[in-house]
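Here is the structure we will look at.
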């Protein structure tokens, strides 16, 4: 049996050697790609979101295990990140501080071989990318536990930046206890209102007699356990770790597909990857039937809307703005036809970008 | 040229397929290793620090580039981490909070496929591992910028845990400015005393007329820039990011090999990896020549001491304690002979562990 262990380890060693050779070979090929770009383009773009999305999709699709597809895609994200860093040290600005979900999203999308720079506000992230001080920016756009981030949408109204990617983080809620919590005497549970709503069924079934108290954020709920022995909190892993709490029950959210979404912003247009989304702003004079008018062309062309958000315009000449996310790339004929129809009907359209659907 | 780009990308795609197959094959082999362990050992140990150190060393030694050896070793750390996670979800306790150097050390050593648990104090980390609630713990032991962590050494006096690894983090110091800093009117620079000392030559050469003011920590120095327009701070990347500062000049430390050291603690003994260190506590009655007596056997056997720290004993029967780190493994004949000699001379010896020298 010991010999068999040695034998297996020898096989692993031989395999590691092959792996290492392939990794270096890949970096060499990536370098050749960069050389071709430099030779043919005065402003070569090394980071290609559509190409990376294609690679990651293929990795997940063809994966046979035992490593799961997500772990495998994470490896390839890091491999591409390291290969890219040989050509260009990328700087990515994000809505800080350190340790936020937005930073997590930035690293998930770009890998660890980038320099990530936390900034204090969403418009600072935009400014940093506009000024060229950062190559890309990462901003939250839909945060199911801490509210919709309208500020990001508003900032797009006055920015020329393009969306060149999206990131989704799966968010789990855990029932947490503190060090002093007397678990058999719990009378109240704290969390953000939206989180409480997302765990309603579980709470109904398992803690029917316990009072639910909404506080300003999940982190605030976690913080309170320090001083209260008869309470628990519902919050995510980061709050659990930050406040040294213990999970009594993990993943108590009623819908297991609870995610938070972030956008990657940059200065470049992104070619089609095959599975893309397009975000646009449509503005028109507020009149009866406006919403129907705006939506009809999408339906006529069979284009799936993934999100619709209406916002009051901040400028005098626009009276209403719709933010629309739909499937497809702006170069697709049917989407092009929708845009033509909307413009012909007197609406103003601002394309925020076409970009690959989130892979990881 | 475009065709050549397509051609290169096809080569990369083919190579990625091979890479992926190899990664899954590696996980399958690792699983077979686990099966052999389970079949032959009632308490199988899946994590083998000495084996991982050997793999990482070989990866670095044989690396041909273009990816550098450290990047490559990081990949293999993550690959081993993911393979191990298929067998056993490892729980690693560390001195928190989130975002500290100690957490960075934990992830550097164990990869990202472990659950890392922040605890509030060094003895809590010890207790968690002693109780079996965590598989391993990570504690700081020499922190060049924030002082020596004597508390860790003291805790070893009353613990049966073994050191099974060490981690070194390279620490850089940057000259930082805040948003309001008027860079041409700077009259003072803040930092921790030890950091100021470590950047003395650079400050003498580049900022001779500027007052150096020592504060309690580098983070505190960074924090002060919020309110002062005529000051800069010297601190590391984490403080820079946390407080949204800008680096005026990076890596201004006089010695480029400035590192901070951490220990991995666990319940198991670690076999020799080929390049090991041993940590021990030697206690004896305080008498003239005690230090010389303790050191002589090491010199006689040609064993290199990498660190020596003397501490007053906390128990009545020990009057003095030396913490010694030396090269070699406790099973090595020459180290064994040193231990015999020291015991024969009436000293009490406590072996804290033999473990692989830091690789990454």
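Some values worked out for this structure:
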| quantity | calculated |
| --- | --- |
| Residue within the range A:100-108 that is buried (at least 17 other Cβ atoms within 10 Å of the Cβ), outside the structural domain of residue A:219 (by TED's automatic domain parsing) and touching a helix residue (DSSP H, G or I) at 6+ places or on another chain (Cβ under 7 Å) present | no |
| Index of the failed condition, residue B:359 passing every other in (1) closer than 30 Å to residue A:118 by Cβ; (2) surrounded by 15 or more Cβ atoms within 10 Å (Cβ to Cβ) | (1) |
| Scan of the range A:174-196 for residues that are at pLDDT below 90 and surrounded by 13 or more Cβ atoms within 10 Å (Cβ to Cβ), ordered by number | A:192, A:193, A:194, A:195, A:196 |
| Residues that are surrounded by fewer than 19 Cβ atoms within 10 Å (Cβ to Cβ) and within 23 Å of residue A:170 (Cβ to Cβ), drawn from the range A:217-230 | A:217, A:219, A:220 |
| Flag for residue B:20 being more than 23 Å from residue B:266 (Cβ to Cβ), surrounded by fewer than 16 Cβ atoms within 10 Å (Cβ to Cβ) and in contact with a helix residue (DSSP H, G or I) (Cβ under 7 Å, 6 or more places away or on another chain) | no |
| Matching residues, the range A:256-282, being in contact with a helix residue (DSSP H, G or I) (Cβ under 9 Å, 6 or more places away or on another chain) and within 11 Å of residue A:324 (Cα to Cα) | A:278, A:279, A:280, A:281, A:282 |
| Answer from A:233, A:214 - the residue that is over 29 Å from residue A:271 (Cβ atoms) and surrounded by 21 or more Cβ atoms within 10 Å (Cβ to Cβ) | A:233 |
| Matching residues, the range A:273-305, being in a loop (DSSP other than H, G, I, E, B) and either in contact with a strand residue (DSSP E or B) (Cβ under 7 Å, 6 or more places away or on another chain) or not assigned by TED's automatic domain parsing to the domain that holds residue A:352 (or both) | A:273, A:275, A:286, A:303, A:304 |
| Qualifying position, being crowded, with 16+ Cβ neighbours inside 10 Å and either at positive phi or free of Cβ contacts under 8 Å to residues at least 60 places away in the same chain (or both), among A:297, A:256 | A:297 |
| Every residue from the range A:237-249 that is surrounded by fewer than 18 Cβ atoms within 10 Å (Cβ to Cβ) and either out of contact with any helix residue (DSSP H, G or I) (no Cβ under 9 Å at 6 or more places or on another chain) or modelled with pLDDT under 80 (or both) | A:237, A:238 |
| Enumeration of residues in the range B:226-250 that are part of a loop (DSSP other than H, G, I, E, B) and more than 14 Å from chain A (Cβ to nearest Cβ) | B:227, B:228, B:229, B:230 |
| Within the range A:156-225, helices (runs of 4 or more DSSP H) holding 1 or more residues that are touching a residue at least 60 places away in the same chain (Cβ under 8 Å) and not assigned by TED's automatic domain parsing to the domain that holds residue A:103 | A:193-198, A:218-224 |
| Helices (runs of 4 or more DSSP H) completely within the range A:9-128 that count 3 or more residues being facing chain B (nearest Cβ under 9 Å) and either touching a residue at least 12 places away in the same chain (Cβ under 8 Å) or closer than 27 Å to residue A:272 by Cα (or both) | A:49-62, A:69-87 |
| Conditions (1) surrounded by 15 or more Cβ atoms within 10 Å (Cβ to Cβ); (2) under 27 Å from residue A:52 (Cβ atoms): number failed by residue B:14 | (1) |
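The values are calculated or read from the model by the stated rules, or taken from the named source; none is laboratory data. The shown structure was predicted, so the numbers you read here are calculated from the model rather than taken from an experiment. Neighbour counts are summed over all protein chains in view; Cβ atoms, including those assigned to glycine, are modelled from backbone coordinates with ideal geometry.
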